[in-house]
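J.: My questions all concern the structure below.
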Amino acid sequence: EVGSWELMKSVSLALNIVLIGPPGSGKGTQAVRIARRYSVPHISTGDILRQAVRDGTPLGREVEATIASGGLVGDELMSSLVEARLQQPDVARGFLLDGFPRTVDQARFLDTLQPDLTVVHIDVPDDEIIKRLSTRRVCSSCGLTQSVSTDEATGEACPYCGGTLVRREDDDAETVKKRLTTYAAFADPLIAYYRTRPRFVTIDGAKEPDRVSDDIFKKLDAFR
Ligand code: AMP
């Protein structure tokens with residue numbers, strides 16, 4: 001049984017962040033920075049699924065086609081995956097969820113696990129996103145996201161670790177369109193679900209990455 005003191009500590013001290021934003025909003029980049037600054041684990045459901053696909057696990061085989069199509073993996077599968085992850089000891093002082101919840105059903109489920117949430121919504125206009133995703137590359141070695149000079153660029157070196165930059169398989173123009181449509185279909189109700197919470201904030205994600213980080217940190221510091 002969890003003592004009431006333990007419960008109080010987890011309510012008052014843990015920083016449980018949910019990051020919402022369209023593909024190409026800089027969500028992943030900001031997630032890494034937020035997690036480092038507040039010493040909470042960065043939990044990216046997209047990263048977990050892609051790793052499972054690479055490892056060829058049963059989970060990976062189950063979700064591979066869905067990810068490739070730009071659609072959403074089922075709520076139940078995603079919820080049980082996140083439930084298991086949030087039982088790991090490293091989330092005792094909080095977590096940063098990147099890519100979950102994506103639907104209101106997922107958000108409702110998360111509330112049953114941890115309702116004490118700080119919700120950061122990164123907002124970027126569609127035309128800016130399409131521009132960004134065509135030049136987005138991911139380092140196949142360290143996993144950090146980069147922007148390259150032209151959308152034809154391939155095989156460039158990661159400025160951080162020297163690894164090879166590759167295009168994410170679901171970043172081709174057609175799948176990007178599908179992913180944006182998918183996001184648009186679910187984002188409004190999701191944001192409406194969270195909007196009235198005391199610790200909900202919308203951040204202008206069209207600014208330079210460092211400015212966006214500053215804006216996020218200021219808000220998160222003020223919430224604490
Ligand atoms: P992301 O890296 O967050 O863009 O996720 C990549 C892909 O993984 C998405 O396009 C979905 O197919 C799948 N995915 C990741 N998180 C979720 C989620 N919470 N619900 C459903 N599908 C997800």
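J.: With every protein chain present, what accessible area does Ser44 have (1.4 Å probe, heavy atoms only), rounded to the nearest 10 Å²?
T.: 10 Å²
J.: Can you give me the solvent accessible area of Thr196 with a 1.4 Å probe, rounded to the nearest 10 Å²?
T.: Thr196 exposes around 120 Å² with every protein chain in place.
J.: Can I ask one more? If R0 is 30 Å, what FRET efficiency do you get for Phe217 and Cys142 from their C-beta distance, rounded to 0.05?
T.: 0.85
J.: Once R0 is set to 22 Å, what does the formula 1/(1 + (r/R0)^6) return for the Cβ-Cβ distance between Asp47 and Glu169, expressed as a FRET efficiency to the nearest 0.05? If you can, show how the numbers build up before the last one.
T.: Values: r = 14 Å, r/R0 = 0.62.
That gives a FRET efficiency of 0.95.
J.: What does the accessible area of Glu156 come to, in Å² to the nearest 10, when a probe of 1.4 Å is used?
T.: 70 Å²
J.: Where nothing but the Cβ of Lys and Arg (+1) and of Asp and Glu (-1) is charged, how large is the charge dipole of the chain around its Cα centre, in debye to the nearest 20?
T.: That gives a dipole near 540 debye.
J.: Is the shape of the chain best called rounded, prolate or oblate, per the rule: a/c under 1.5 gives rounded, else a/b larger than b/c gives prolate, else oblate, with a ≥ b ≥ c the square roots of the Cα gyration tensor eigenvalues?
T.: Prolate, because a/c is 1.5 or more and a/b exceeds b/c.
J.: If you don't mind, there's one more thing I want to ask. Excluding ligands, DNA and RNA, what is the solvent-accessible area per residue of the chain at a probe of 1.4 Å, expressed in Å²?
T.: Using a 1.4 Å probe on heavy atoms only, each residue of the chain averages 53 Å².
J.: State, as an integer percentage, the relative contact order of the chain based on alpha-carbon contacts under 8 Å between residues 6 or more apart.
T.: Across the chain, relative contact order equals 28 percent.
J.: Here is a further query. How far, in degrees from 0 to 90, does helix 104-113 lean away from the longest principal axis of the Cα atoms of the chain, to the nearest 10?
T.: Taking the Cα atoms of the chain, the angle to 104-113 is about 40 degrees.
J.: Moving to a separate point now. Give the shape of the range 170-221 as rounded, prolate or oblate, defined through the alpha-carbon gyration tensor: a ≥ b ≥ c are the square roots of its eigenvalues, a/c under 1.5 means rounded, and otherwise the shape is prolate if a/b is larger than b/c and oblate if not.
T.: It is oblate, given that a/c is not under 1.5 and a/b is not larger than b/c.
J.: To continue, here is another question. Report, in degrees rounded to the nearest 10, the 0 to 90 angle that the Cα long axis of helix 45-55 makes with the longest principal axis of the chain.
T.: Orientation of helix 45-55: about 60 degrees from the principal axis.
J.: For Glu174, Glu76, Glu152, Glu128, give the ranking by accessible area with the largest first, probe 1.4 Å.
T.: Output order, biggest surface exposure first: Glu76, Glu152, Glu174, Glu128.
J.: Still on this model: Sorting Ile122, Ile130 by accessible area (1.4 Å probe), largest first, what list results? Mind dumping the intermediate values first?
T.: On the way: Ile122 0, Ile130 90 Å².
The ranking, largest first, comes out as Ile130, Ile122.
J.: Which residues' amide hydrogens lie under 5 Å from the amide hydrogen of Val18, considering only partners 5 or more residues apart or on another chain, with H built in the peptide plane?
T.: When sequence neighbours closer than 5 places are left aside, the close amide H contacts are Leu97, Thr118, Val119, Val120.
J.: Something else now. For the Cα atoms of the chain, what angle does the longest principal axis make with the long axis of helix 27-38, in degrees from 0 to 90, nearest 10?
T.: That helix lies at roughly 40 degrees to the long axis.
J.: Would you mind telling me the share, in percent, of accessible area of the chain contributed by carbon and sulfur at probe 1.4 angstrom?
T.: 52 percent
J.: Also, I was wondering about something else. Only helical DSSP H runs with n ≥ 4 go in: add -39500 (n - 2.57) per run for the chain, normalise by residue count and round the 222 nm mean residue ellipticity to 500 deg cm²/dmol.
T.: Value at 222 nm, helices only: -15500 deg cm²/dmol.
J.: Please enumerate, by chain and number, the lysines with C-alpha under 20 Å from the C-alpha of Lys131, excluding those fewer than 8 residues away in the same chain.
T.: Lys27, Lys177, Lys178, Lys207
The values are calculated or read from the model by the stated rules, or taken from the named source; none is laboratory data. What you see is a predicted model, and the numbers here were worked out from it, not measured in a lab. Here the Cβ is made from the backbone with ideal geometry for all residues, glycine too, and neighbour counts use every protein chain on show. Heads up: the accessible areas ignore ligands, DNA and RNA and are worked out on the full protein's heavy atoms, side chains in. Shrake-Rupley method; radii C 1.70, N 1.55, O 1.52, S 1.80 Å.
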